[in-house]
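Derivation of every value follows stated rules applied to the coordinates shown; laboratory data play no part. Note that the structure is predicted; figures quoted are calculated from it, not measured. For neighbour counting, all protein chains shown are included, and Cβ atoms are generated from backbone atoms with ideal geometry for every residue, glycine included.
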Amino acid sequence: EAKQPWVGYYWAPTALLGKYEMVKLGYGAEYDAAEWKRCTSVADCADPKENAWPADNVETLVTKTFADRAGPDVVGYLNKRAWTNDTVNKLIAWMSDNQASGEEGAKYFLKNNEALWTTWVSPEVAAKIKASL
């Protein structure tokens, strides 16, 4: 808020990263999965090497029962739906600044990210969603 530089550690997604432009500092090393398993993630490893933190994957999982009941349209949507941390950061920053509910946030997202979400659904479904907004 004071427009002063600072160095810190933060995670994503979060409203803070959606509200303020941040610059990610490098670790000075690339992520090495084998080294992570061998030592970085092992308490009291005797000979740690420089290693970057791994990026997490966010997965959507459903049971076979749900998939069978929901049908191919719903499963197809879940397979296509994806967004970046930047998109989520900006959305939750808007929600925080506006004390918005989840429903208000969803409507804001749909109104302001049409190019993204319309790739997740059929043109017919997209038209129905746009008409409801």
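The lysines whose alpha-carbon is closer than 25 Å to the alpha-carbon of LYS19, local same-chain residues fewer than 8 away aside, are LYS3, LYS90, LYS107, LYS111. Partner aspartates and glutamates whose Cα lies under 17 Å from the Cα of LYS24, excluding those fewer than 8 positions away in the same chain, are identified as ASP56, ASP86. A simple rule links phi to the HN-Hα coupling: the Karplus curve 6.51 cos²θ - 1.76 cosθ + 1.60 with θ = phi - 60°, which for region 28-35 gives x, 8, 7, 6, 10, 4, 5, 5 Hz, with x for Gly and Pro.
A simple rule links phi to the HN-Hα coupling: the Karplus curve 6.51 cos²θ - 1.76 cosθ + 1.60 with θ = phi - 60°, which for region 11-23 gives 10, 9, x, 7, 4, 4, 6, x, 8, 10, 6, 10, 10 Hz, with x for Gly and Pro. Whole-Hz Karplus values for region 122-133 come out as 5, x, 5, 5, 4, 4, 5, 5, 4, 5, 6, 7 Hz, taken residue by residue from phi with 6.51 cos²θ - 1.76 cosθ + 1.60 and θ = phi - 60°; glycine and proline positions read x.
When +1 charges are put on Lys and Arg Cβ atoms and -1 charges on Asp and Glu Cβ atoms, the dipole computed for region 19-84 relative to its Cα centre reaches about 380 debye. The distance separating the Cα centre of region 98-133 from that of region 15-33 comes to 29 Å. Across the chain, the mean sequence separation of Cα contacts (distance under 8 Å, 6 or more residues apart), normalised by length, yields a relative contact order of 31 percent.
Taking Cα extents along the principal axes in Å as the quantity of interest, determine which of (1) 46, 39, 21; (2) 39, 39, 25; (3) 59, 47, 22 was computed from the displayed structure. Matching entry in (1) 46, 39, 21; (2) 39, 39, 25; (3) 59, 47, 22: (3).
A straight chain from LYS24 to SER41 at 0.36 nm per residue would run longer than the Cα-Cα distance by 3.9 nm.
Taking LYS111, LYS80, LYS37 as the candidate residues, the one with maximal mean-square fluctuation in a Gaussian network model of the chain, Cα springs under 10 Å, is LYS37.
A Gaussian network model of the chain, with springs between Cα atoms under 10 Å, assigns the largest mean-square fluctuation among ASP97, ASP73, ASP44 to ASP44.
Within the listed set VAL75, VAL88, VAL121, the Gaussian network model of the chain (springs between alpha-carbon atoms below 10 Å) gives the highest mean-square fluctuation for VAL75.
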